[in-house]
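Before any comments, here is the structure.
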Amino acid sequence: NSYLRDFDGRAGVFVIDLTTRKSFGINENAPFVAANSIKLPIITFLYNEIATGNLRLTDTMLYDSRPYPEGDMTEGAGFIINEPDGTEFSIRRIAQLAITISDNCAANMAIRKLGGIDKVASGLDMISSTIPYRGEVIYYNFEGIETVGRHRSSARDLAIYARYLYDLWQNSPSIYQPLIDDLSETIFAFGINSKLSPDIQVAHKIGTNLDFGTENDVGIVFADVPFVICVTTENADRDRGREVIADISLMVYKFLNE
């Protein structure tokens, strides 16, 4: 709380000690744009289909270059958008691209394979729905302006989605290990891992949205005392938001492990 008093924006924090299952939060129920952090549970659902035998990593699907939601195309991160209509991708490759480089088209292909965004959102809400992902929410942003929108989440919800993945991985490591590996090997050099020792594995998914001043990160820190942490931020300076995420992650690590 003392640290965040100097932050010129909004922030939410939620931490879960994966050994004791005790949790801690600051502003953890407040709505924030989920941004690409929501890809963590979406791709977890894709692996759930593999766990139940409905899909295999080697199964394939074709890229639909029409704009989302009719097709898979969304501007932004990734390279699938530059591929011709009908390009074939394996489920493994779609999952990998959605996580490691945050490819928007890959995530849309995963959503399509899972039956559409409303079905995905229903699954999210069954795990945690402090802020229902497809529900319309009204709140005041970091500038004090009333904002209305969907596709919001909270630090609590996002952290619980990461805990959900951790528990699945513990119960079925052979199924979920590729996802843990991808989350641990993203191209992004910022986030909850950036001030921790490089020897500590961190499986995480950042989320960025310049239009809303959003910088988020959520993930699993495989320290001696493992924990889930989510920090959501909203402010005018993206570098400051990223610094807040890194600093709070380091504070939590030191508290639990030192």
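The values are calculated or read from the model by the stated rules, or taken from the named source; none is laboratory data. Remember, predicted model here, so these are calculated numbers, not experimental data. Cβ atoms come from the backbone with ideal geometry, glycine included; neighbour counts cover every protein chain shown. We work out accessible area using only protein heavy atoms, side chains counted, and drop any ligands, DNA or RNA first. Shrake-Rupley method; radii C 1.70, N 1.55, O 1.52, S 1.80 Å.
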**Prompt:** Regarding residue 161, is this residue at pLDDT 95 or above and either out of contact with any helix residue (DSSP H, G or I) (no Cβ under 8 Å at 6 or more places or on another chain) or not in a loop (DSSP other than H, G, I, E, B) (or both)?
**Reply:** yes
**Asked** Could you give every pair whose Cβ atoms fall below 6 Å, whose first residue belongs to region 242-258 and is over 15 Å from residue 155 (Cβ atoms), and whose second residue is open to solvent by 50 Å² or more (accessible area, probe 1.4 Å), counting only separations of at least 6 or pairs across chains?
**Response** 246/194; 246/195; 250/195; 257/224
**Item:** Flag for residue 200 being in contact with a His (Cβ under 6 Å, 6 or more places away or on another chain), without any contact (Cβ under 8 Å) to a residue 60 or more places away in the chain and closer than 23 Å to residue 245 by Cα
**Value:** no
**Fill in**
Scanning region 10-47 residue by residue, the ones that are outside any helix (DSSP H, G or I) and either buried (at least 23 other Cβ atoms within 10 Å of the Cβ) or of a type outside the set (Phe, Trp, Tyr) (or both) total 24
**Request:** Give me the pairs, please: first residue somewhere in region 159-173 and over 25 Å from residue 27 (Cβ atoms), second residue anywhere and open to solvent by less than 40 Å² (accessible area, probe 1.4 Å) and at pLDDT 95 or above, beta-carbon distance under 8 Å, and either six or more positions apart or on two chains.
**Result:** 168/44; 168/47; 168/48; 168/176; 169/176; 169/179; 169/180
**Complete:** Pairs returned, first residue in region 213-233 that is more than 20 Å from residue 29 (Cβ to Cβ) and open to solvent by 10 Å² or more (accessible area, probe 1.4 Å), second residue that is part of a loop (DSSP other than H, G, I, E, B) and not small (Gly, Ala, Ser), beta-carbon separation under 9 angstrom, 6 or more apart or interchain, are 222/200; 223/196; 223/200; 225/18; 225/19; 225/20; 226/18; 226/19
**Fill in**
Taking region 48-102 and keeping residues closer than 20 Å to residue 165 by Cβ and either loosely packed, with under 14 Cβ neighbours inside 10 Å or charged (D, E, K, R) (or both) leaves 49, 52, 53, 54, 56, 92, 93
**Item:** Residue, most open to solvent (accessible area, probe 1.4 Å), within region 109-151, restricted to residues that are part of a helix (DSSP H, G or I) and of a type in the set (Gly, Ala, Ser)
**Value:** 122
**Prompt:** From 189, 162, which residue is open to solvent by 50 Å² or more (accessible area, probe 1.4 Å) and among the hydrophobic types (A, V, I, L, M, F, W, C)?
**Reply:** 189
**Request:** Could you please give the count of residues in region 86-144 that are within 19 Å of residue 12 (Cβ to Cβ), without any contact (Cβ under 8 Å) to a residue 24 or more places away in the chain and not acidic (Asp, Glu)?
**Result:** 5
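Restricting attention to region 169-179, and to residues there that are under 24 Å from residue 101 (Cβ atoms) and open to solvent by 40 Å² or more (accessible area, probe 1.4 Å), which single residue is farthest from the chain's Cα centre (by Cα)?
The extreme case among them is 175.
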